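K.L.:
Handing you this structure, nothing more for now.
The values are calculated or read from the model by the stated rules, or taken from the named source; none is laboratory data. As the structure is a prediction and not an experimental result, all values here were calculated from the model. Counting neighbours? That spans all protein chains shown, and the Cβs are built from the backbone with ideal geometry, glycine included.
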Amino acid sequence: MDYRKPDIGLTEAMSLLDRYWGRQTDHVTAVSGGNLSSVFFFDSEGKGFVLRVSAIPDAFKRDRCISELLTSQGVPYPRCYKEDTAGPFVFSISDRIEGGVLADLPEAQKNELVPELVGLITRMNQVELGPTSGFGWIGPAGDGTYVSWEAYLHDFYKEDQKGNFWENWHELFRSGFLERDVFEECRARLLHYAPYNAPHRYFVHNDCHAWNLITDGRSLTGIIDGNCLYGDFVIDISIAEGAIPGKDAIQAFQDHYERMGIGIPDFKERLLGARYYKGLDGLRFYAKTGRKSSYDSLRSFLLSLTG
């Protein structure tokens, strides 16, 4: 399976929209970003939309379910209107949230948005999940794919994986710069702290970094592109802390939950479990994509963590 971003130009994107959208489209433009999808903005009937195109067959199969869960409860997440197959590719069409990415703001403006960041992530994590069940990846019907958090972790990091992005990932120990001893040390720490995360089941965006947070410069207008699952909301806190470097976002989240009257038991242990969960995935992702400097920085951070 080809996990590279598809080489789709404006002509192909416009042809796809003419065939599958069925409405007048204007101002179709290619957008930088997207690790595995080609992204385009376009206007139709006075509104802005996003077209994403991927070579991965199941890339967007759960978009509609997740967008309905979040938008129905007031979370500013793109509403999904269509997902379909177009030749060798799959595509999704959703609302375009106006603004730019938080990552592009000057440091001073970012710092002013810490309360917005905390409020948005908390509101998203605390949505009502209704009659859904399960942990891990959210399937098209809205349920988690695994019976427990530990079962999800075991499957996510197992060696024998077929038909997904991590097929043959253990080859990175032999052909790349992924270090087995470092990986196994961090995995042992993850499994030590996983029982603290395991009982907690919330909606987790799982990718709420500064490039997925949208802002008009004065407020956060939305969040996009979740790699969503059911698990401990502290995972999103561990990711969001990096969205505004130099500010103690972790303390800001703790203070916010205290004001809400919601306790976070075993917070220190859950935060360590979250950091190792995301960190292990980051190590192998950077190794797979050849980003050595990012790998080295994350490696140092993970090995420096203490209980």
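K.L.:
Being more than 14 Å from F177 (Cα to Cα) and within 19 Å of the chain's Cα centre (by Cα) is the requirement here; does G261 meet it?
P.N.:
No.
K.L.:
Next question. Mind telling me which of the residues T11, T25, T71, T29 ends up being surrounded by fewer than 17 Cβ atoms within 10 Å (Cβ to Cβ) and in contact (Cβ under 8 Å) with a residue 12 or more places away in the chain?
P.N.:
T29
K.L.:
Out of the stretch 224-248, which residues are small (G, A, S) and buried (at least 21 other Cβ atoms within 10 Å of the Cβ)?
P.N.:
Scanning the stretch 224-248 gives G226, G231, S238, A240, A243.
K.L.:
Name the pairs: first residue in the stretch 157-171 and under 14 Å from E184 (Cβ atoms), second residue surrounded by 12 or more Cβ atoms within 10 Å (Cβ to Cβ) and aliphatic (A, V, I, L, M), Cβ to Cβ under 7 Å, at least 6 apart or on different chains?
P.N.:
As it stands, the answer is Y157/L280, since those pairs meet every condition given.
K.L.:
Over 20 Å from V234 (Cα atoms), among the polar types (S, T, N, Q) and either surrounded by fewer than 16 Cβ atoms within 10 Å (Cβ to Cβ) or out of contact with any strand residue (DSSP E or B) (no Cβ under 8 Å at 6 or more places or on another chain) (or both) - does that describe any residue in the stretch 90-102?
P.N.:
Looking only at the stretch 90-102, we keep the residues that are over 20 Å from V234 (Cα atoms), and these are 90-102.
Restricting the remaining residues to those that are among the polar types (S, T, N, Q) gives 92, 94.
Right, trim to either surrounded by fewer than 16 Cβ atoms within 10 Å (Cβ to Cβ) or out of contact with any strand residue (DSSP E or B) (no Cβ under 8 Å at 6 or more places or on another chain) (or both) and you get none.
Among the residues of the stretch 90-102, not one is over 20 Å from V234 (Cα atoms), among the polar types (S, T, N, Q) and either surrounded by fewer than 16 Cβ atoms within 10 Å (Cβ to Cβ) or out of contact with any strand residue (DSSP E or B) (no Cβ under 8 Å at 6 or more places or on another chain) (or both), which makes the answer no.
K.L.:
Just for the stretch 73-96: of the residues that are of a type in the set (V, I, T) and modelled with pLDDT of 95 or more, which one is nearest to F60 (Cα to Cα)?
P.N.:
My answer is I93.
K.L.:
To continue, here is another question. Is it the case that some residue within the stretch 208-223 is part of a loop (DSSP other than H, G, I, E, B), surrounded by fewer than 20 Cβ atoms within 10 Å (Cβ to Cβ), more than 12 Å from the chain's Cα centre (by Cα) and of a type in the set (D, E)?
P.N.:
yes
K.L.:
Which of the residues belonging to the stretch 116-129 are in a loop (DSSP other than H, G, I, E, B) and either within 25 Å of L191 (Cβ to Cβ) or in contact (Cβ under 8 Å) with a residue 60 or more places away in the chain (or both)?
P.N.:
Answer for the stretch 116-129, where residues must be in a loop (DSSP other than H, G, I, E, B) and either within 25 Å of L191 (Cβ to Cβ) or in contact (Cβ under 8 Å) with a residue 60 or more places away in the chain (or both): Q126, V127, L129.
K.L.:
Let me ask something additional. Looking at the stretch 138-150, I want the residues that are over 15 Å from H200 (Cβ atoms) and have a partner that is β-branched (V, I, T) and buried (at least 16 other Cβ atoms within 10 Å of the Cβ) with Cβ atoms under 7 Å, at least 6 apart or on another chain. Which pairs are those?
P.N.:
I138/I66; G142/T132; D143/T132
K.L.:
In addition: Given the structure, is G273 assigned by TED's automatic domain parsing to the domain that holds G134, without any contact (Cβ under 8 Å) to a residue 40 or more places away in the chain and of a type outside the set (V, I, T)?
P.N.:
No, not satisfied.
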